[in-house]
Amino acid sequence: MRFADILGMASGGMWRNKTRSILTIVAIFVAAFTITLTTAIGAGVSTYLDKQTDGFGAPNLMQVSVAAEDDGDGPAVYDPKAQTNFGQTVSTLTNADIDAIAAIKNVDSAVPFEGSSPSYIQTNGDKFVLSSQQLVRGQTVDVVAGSAPKEGAQPEIIISPQYAIALGFDTNKDAVGATVTLGVSDPLQQVQTVEAKISGVMNESLLGGGRLWVNDTLQDKVTAIAQQGLPAEATDSYFAAVLYAANTDPETMTQIKADLSDLGFQGMTVEDQIGIAKQIFDAITTVLTVFGVIALLAASLGVINTLYMSVQDRTKEIGLMKAGGLSSGRVFSLFSIEAMLLGLWGSVLGILAAWGVGQAVNQVAAESFLKDLPGFDLMLFPLASLAVIVGIILVITFLAGTLPARRAARLNPIDALRYE
Amino acid sequence: MDTPSSATAISAVNVRKTYGKKENAFHALRGVSLDIRQGESIAIVGKSGSGKSTLMHLLALLDTPDEGSIRLDDRDVSSLRAVEVNKMRNSYYGFVFQQFFLNGRQSVLDNVMLPLVIGGVRPAERKKRARAALEAVGLSDKIKNRANDLSGGQKQRVVIARALVNEPRIIFADEPTGNLDTHTGEQVEQMLFDLNKQKGITLVVVTHDPEFAARFDRQIFLSDGQIVSESGAAA
Ligand SMILES: Nc1ncnc2c1ncn2[C@@H]1O[C@H](COP(=O)(O)OP(=O)(O)OP(=O)(O)O)[C@@H](O)[C@H]1O
Ligand SMILES: [Mg+2]
């Protein structure tokens, strides 16, 4: 018997009892739909998080801050060295600390994060508040137009598309190369201005927290104004530093973190910062996937039942075909293909529906709760994982079909023909 | 015995068939021996339950005897592999069972094509041959009809077309006229004898109708699973 005929006959057999087959297909559909949606959300979020991790800094970059006090022992003792930030005491790093960090084994270098930021940004019209930070070496941004601010003599800043619009540029491209005025408050609350060039426009990122990035020259100018006239002990204070590890081996990272904590600091790689969110998220998607798999198992019981009924209904037909010389192997494939066709219909329709829902959700999300996170597609449907889902469902329906298919294959033609 | 027409097609040697076990055991065949020669027509006659269908199924390689052997070309069939037996039935045998076994929802043409589909014949070729077979039984105008929509006599003719579509060497028919009125029955009988005479197809037919049986070359009378008498040319 030709394969095309087996396929045709299996398909014909499936549609013989439409209601029964459609109900089974619906069960598989629900499972495929659920699994596809969770996979898509998983793919969307982890792709975005990966992009953030890649975009935010090289893997050998570690952010260092003073280790948080364990507040289980009551209130902390007042430390005059600690910086006050709107009444909140923040422990800071000094240049000596940074030298100590740079001296740790496997640390190439360490640079302080300057805390000073301009108060506003302006072209010709309105002034807008901003928060900016120096883009340190090894850190990258998701550039949409132009380029990231480069180290050099020229003060440069990269802005987000929202700022480009607010500052009166028609397109992101128009903003590139334009000059902006930045207002910086000195310690006496007098605002002084500096000029800078817009080096480019970037997508805002999750870890960026709405910050814009400036180059070293601009940061130096901003810091100089913000700390004008302050005594050395007041300026020798940074809320964080960045260290560059010699390599990214997990052992090296662990060793550096251990050495940091001996010194009273804590180090976090970009992955660490994103890791917690990712773990929670992975747990949620795993639970959802388990639901999908349970639905799939329930559906495969449906497949077994449907196929047993199909074998029963067609006992005489099987007998006739076996009498006509159809081998048991072919009878087996006839019914296992029928089972897999149920799986194919259910999974393809389920995936298509999930894809449709995904497109709609992405659209809605991009216009609402993900508005501030451009470049974040909530659901992604990579072809490879869709193919894997179809493949797994085909395997499962095949396995479910083996029991009834074996019964059909073992039918004795005479018994089948005598069957009433 | 040297002429091709008298060469043995199938022989049964002392075959026994028992259904059930122990106290429920029922001996459907108790030592039947029979030679079927190529090109002859044989009627197996007997009361209901005498073992006619059982014997026919054994001769048609649809079932295996508990004792004794079925021989083809002097080889014991039990030594053949399943593939060979399947191939044998598909290429050289045609079947007409006690019931029609038509797929009512499918077209007449599809039903007739089934043995060729099983045999893996190309679609164009099998359509051509199925049309020819339907023409031979006078049903050319019903090709596209659903099998359900035919009359009983027409259904039986479709069954005969299906039995001869693979150009078999031997046709096994179990009560081919059992469900038909006298007139249609005679038509079907004539069709079978024409195939026997014109194409040299061997006929093995089960019937309980003495008049029909009398038209065959040979008659085998079965009673309680044993041959009680044989009559006709070779007896
Ligand atoms: N699978 C089976 N299990 C038990 N008994 C069976 C089985 N198949 C056939 N028999 C018995 O074997 C006997 C012979 O059956 P068979 O079908 O050969 O009869 P038959 O001569 O063809 O009768 P009829 O003319 O009514 O078709 C019957 O008594 C039947 O009940
Ligand atoms: Mg019978």
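Worth pointing out:
- Checking B:Val83 against (1) within 26 Å of B:Lys199 (Cβ to Cβ); (2) away from ligand 1 (no atom under 16 Å from the Cβ), the condition it does not meet: (1)
- Tally of residues being within 14 Å of another protein chain (Cβ to nearest Cβ), assigned to a helix (DSSP H, G or I) and surrounded by 15 or more Cβ atoms within 10 Å (Cβ to Cβ) across the stretch A:380-420: 6
- Here B:Gln98 fulfils each of the conditions (1) away from ligand 1 (no atom under 16 Å from the Cβ); (2) at pLDDT below 90 apart from (1).
- Pairs where the first residue, in the stretch B:36-47, is open to solvent by 30 Å² or more (accessible area, probe 1.4 Å) and the second is of a type in the set (A, V, I, L, M, F, W, C) and assigned to a strand (DSSP E or B), C-beta under 8 Å, 6+ apart: B:Arg37/B:Ala9; B:Gln38/B:Ala9
- Matching residues, the stretch A:325-343, being within 14 Å of another protein chain (Cβ to nearest Cβ) and either in a helix (DSSP H, G or I) or buried (at least 23 other Cβ atoms within 10 Å of the Cβ) (or both): A:Gly325, A:Leu326, A:Ser328, A:Gly329, A:Arg330, A:Val331, A:Phe332, A:Ser333, A:Leu334
- Meets criteria (assigned by TED's automatic domain parsing to the domain that holds A:Lys127, touching a Gly at 6+ places or on another chain (Cβ under 6 Å) and either in a loop (DSSP other than H, G, I, E, B) or open to solvent by 70 Å² or more (accessible area, probe 1.4 Å) (or both)) for A:Thr193: yes
- If you check B:Gly68, B:Gly49, B:Gly39 for being closer than 21 Å to B:Asn166 by Cβ and either among the small types (Gly, Ala, Ser) or within 14 Å of chain A (Cβ to nearest Cβ) (or both), only one passes: B:Gly39.
- Enumeration of residues in the stretch B:74-115 that are in a loop (DSSP other than H, G, I, E, B), more than 16 Å from ligand 2 (Cβ to nearest atom) and closer than 28 Å to B:Asp149 by Cβ: B:Leu102, B:Asn103, B:Gly104, B:Arg105, B:Gln106
- B:Ser53 meets each of the listed conditions (1) touching a Leu at 6+ places or on another chain (Cβ under 9 Å); (2) among the polar types (S, T, N, Q); (3) within 16 Å of ligand 2 (Cβ to nearest atom) apart from (1).
- Listed by first and then second residue, the pairs linking a residue in the stretch B:108-120 that is more than 10 Å from chain A (Cβ to nearest Cβ) to a residue that is open to solvent by 20 Å² or more (accessible area, probe 1.4 Å) and assigned to a helix (DSSP H, G or I), with Cβ atoms under 6 Å apart and 6 or more places separating them unless they lie on different chains, are B:Val108/B:Lys142.
- Of the residues contained in the stretch A:278-296, none is found to be under 30 Å from B:Leu114 (Cα atoms), surrounded by 15 or more Cβ atoms within 10 Å (Cβ to Cβ) and away from chain B (no Cβ under 14 Å).
- Checking each residue in the stretch B:22-35 for being farther than 22 Å from B:Asp209 by Cα, open to solvent by less than 40 Å² (accessible area, probe 1.4 Å) and within 13 Å of ligand 1 (Cβ to nearest atom) picks out only B:Ala25.
- Listed by position, the helices (runs of 4 or more DSSP H) contained in the stretch B:133-235 that have at least 3 residues being more than 14 Å from chain A (Cβ to nearest Cβ) and away from ligand 1 (no atom under 16 Å from the Cβ) are B:152-164, B:182-199.
- Qualifying residues in the stretch B:1-21 (those that are away from ligand 2 (no atom under 16 Å from the Cβ) and at pLDDT 90 or above) - the one surrounded by the most Cβ atoms within 10 Å (Cβ to Cβ): B:Val15
- Residue within the stretch B:154-169 that is surrounded by fewer than 22 Cβ atoms within 10 Å (Cβ to Cβ) and within 16 Å of B:Val205 (Cα to Cα) present: yes
- Residue in the stretch B:37-47 that is out of contact with any helix residue (DSSP H, G or I) (no Cβ under 6 Å at 6 or more places or on another chain), under 16 Å from B:Phe221 (Cα atoms) and near ligand 1 (Cβ under 8 Å from one of its atoms) present: yes
- Residue check for A:Met253: part of a helix (DSSP H, G or I), more than 14 Å from every other protein chain (Cβ to nearest Cβ) and open to solvent by less than 40 Å² (accessible area, probe 1.4 Å): yes
- Residue check, B:Ser79 open to solvent by less than 20 Å² (accessible area, probe 1.4 Å), out of contact with any helix residue (DSSP H, G or I) (no Cβ under 7 Å at 6 or more places or on another chain) and more than 13 Å from every other protein chain (Cβ to nearest Cβ): no
- Residues that are under 27 Å from A:Asp170 (Cβ atoms), in a strand (DSSP E or B) and out of contact with any Lys or Arg (no Cβ under 8 Å at 6 or more places or on another chain), drawn from the stretch A:105-145: A:Gln122, A:Lys127, A:Phe128, A:Val129, A:Val143, A:Val144
The values are calculated or read from the model by the stated rules, or taken from the named source; none is laboratory data. Note that the structure is predicted; figures quoted are calculated from it, not measured. Glycine also receives a Cβ, built like all others from the backbone with ideal geometry; neighbour counts cover every protein chain displayed. Surface areas here come from the heavy atoms of the whole protein model, side chains and all, with no ligands, DNA or RNA. Shrake-Rupley method; radii C 1.70, N 1.55, O 1.52, S 1.80 Å.
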